[in-house]
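Report on the following structure.
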Amino acid sequence: MPKISLSADLPFSLDQTLGCGQVFRWERTEEGWWYGVVGGRVIKIRQDESNLIFEGAKTAFISHYFSLDLDLEQVIKTIDQDQFIHAAISRCTGLRLVRQPPWECTVSYICSTNSNIPTIRRRIAFIAERFGKVIEFEGKKYYTFPDPSSISYEGNDGLTECMLGYRQPYVFRTSCSVTDEKQWEETIRRLPYEDARKELMKLHGVGPKAADCILLFSFQKYEAFPVDVWIRRIMQQNYIKTLDLKAGLTNRDYDTIRRFARKHFGEYCGYAQEYLYAAREG
C-alpha cells in the first residue's frame, strides 16, 4: 500500500482531523482504519505514528485533501493569541481542515441545521444511497454523493425517504438552483469571502452559519468563523463577556463574534474556530 512519511515539521493527526466533526462520511474501525467516500472513490487510510498508509487514491490527492501542503505551524503561530486558544491547540495537535467537495459540503450543512452529528451523518448517508452510484470495496457497498441534477430530476418527493424533515425542500430547491456544479464552484471560489458568503446565502436553507462552514471547509476561506451554540458559549465565556446567552443568537451577535475573531485570531481565524470546537467540554 502507498504511504506518506510525515516529517517532524509536518504535524498531522488523522484521528483528530476526521473525528472533530467537520466531515460526515468517514468511519473508523477498531483497528484504526478510516473508510470514506470522497469525490467518487472509496479511501482507506490509517496513521502509524509518522506514516500515513492508504489505498483508493493517489498520493497527490491524499496530500491535497488533508491539506498536508499547508504550513500548519505558521497557521498555529498566527492564531495562538491567548492562553485559552493555546490550550485548545495543545489538546488537538495535528488537526487540519480537509478540503471537502463543495457540493457535498453544501448539502451536508443544509442538513445540519438544529441537528447533532449522528443525525446529520444518517441524512447524508440516505441521500447518497438514494441518488448516488454504488462502489464495491472490500466486499462492502459504498455510495458516491450525487450531483445536483441527480437530486432535482427526481423532484421534491424523491427526497422523502431521506428523512430530512423541513430541510427537504431546501435541498431540492438548492439542487435546482445549482444547474452547473463546476461553474457554480468556480464562481464562489473566485469571490472574496464576504461576497462569496452573500452568494451562498442566496441558496435555499443556507444561513450565516452554514455559509461560513461551506466557505471554510470546502473553499478554504480561512477567515470564515462559523458560530453555533458551542462557539457562542465559548466566545462569551472567554472573549466577549457582553454577549447575552439567555437570548437567541441574533445576526448582530453572530457578526460581533465573527468580526472579533477575525481581528483577534487573524486571517486563519477559521482554524481557531475548529480548534475551539474540537477541544470543547460538555
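Residue count for the range 17-56, restricted to those that are more than 15 Å from the chain's Cα centre (by Cα), in a loop (DSSP other than H, G, I, E, B) and either surrounded by 19 or more Cβ atoms within 10 Å (Cβ to Cβ) or not assigned by TED's automatic domain parsing to the domain that holds Ser7 (or both): 1. One residue stands out among those in the range 236-268 that are under 29 Å from Lys77 (Cβ atoms), part of a loop (DSSP other than H, G, I, E, B) and of a type in the set (D, E, K, R): the one that is modelled with the highest pLDDT, which is Glu267.
This table checks each residue for (1) in contact with a Lys or Arg (Cβ under 7 Å, 6 or more places away or on another chain); (2) exposed (fewer than 14 other Cβ atoms within 10 Å of the Cβ); (3) without any contact (Cβ under 8 Å) to a residue 40 or more places away in the chain.
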residue: Gly165; (1), (2), (3): no, yes, yes
residue: Thr187; (1), (2), (3): no, yes, yes
residue: Glu199; (1), (2), (3): no, no, yes
residue: Ala211; (1), (2), (3): yes, no, yes
residue: Leu216; (1), (2), (3): no, no, no
residue: Thr250; (1), (2), (3): no, yes, yes
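When Arg123, Arg167 are checked against the criterion of being under 29 Å from Glu55 (Cα atoms) and in contact with a helix residue (DSSP H, G or I) (Cβ under 7 Å, 6 or more places away or on another chain), Arg123 stands alone in meeting it. Let me spell it out: the conditions are (1) more than 14 Å from Glu274 (Cα to Cα); (2) surrounded by 19 or more Cβ atoms within 10 Å (Cβ to Cβ); (3) in contact with a helix residue (DSSP H, G or I) (Cβ under 9 Å, 6 or more places away or on another chain), and Leu72 meets all of them except one. Which number is the exception? If we test Leu72 against (1) more than 14 Å from Glu274 (Cα to Cα); (2) surrounded by 19 or more Cβ atoms within 10 Å (Cβ to Cβ); (3) in contact with a helix residue (DSSP H, G or I) (Cβ under 9 Å, 6 or more places away or on another chain), just (1) comes out false.
Taken over the range 81-136, residues that are without any contact (Cβ under 8 Å) to a residue 12 or more places away in the chain and among the hydrophobic types (A, V, I, L, M, F, W, C) amount to 1. Evaluated against (1) assigned by TED's automatic domain parsing to the domain that holds Arg197; (2) in contact (Cβ under 8 Å) with a residue 12 or more places away in the chain, Ile62 falls short on exactly one condition, (1). Residue check: Thr256 meets all listed conditions (1) polar (S, T, N, Q); (2) in contact (Cβ under 8 Å) with a residue 40 or more places away in the chain; (3) over 18 Å from Ile89 (Cβ atoms) but one, namely (2). Can you find a residue in the range 121-132 that is of a type in the set (A, V, I, L, M), touching a Leu at 6+ places or on another chain (Cβ under 9 Å) and under 22 Å from Thr29 (Cβ atoms)? Within the range 121-132, not a single residue is of a type in the set (A, V, I, L, M), touching a Leu at 6+ places or on another chain (Cβ under 9 Å) and under 22 Å from Thr29 (Cβ atoms). Residue count for the range 259-282 satisfying the condition of being without any contact (Cβ under 8 Å) to a residue 24 or more places away in the chain and more than 22 Å from the chain's Cα centre (by Cα): 1.
The values are calculated or read from the model by the stated rules, or taken from the named source; none is laboratory data. These figures come from a predicted structure and were not determined experimentally. Ideal geometry is used to build each Cβ from the backbone, glycine not excepted, and the neighbour counts take in all protein chains shown.
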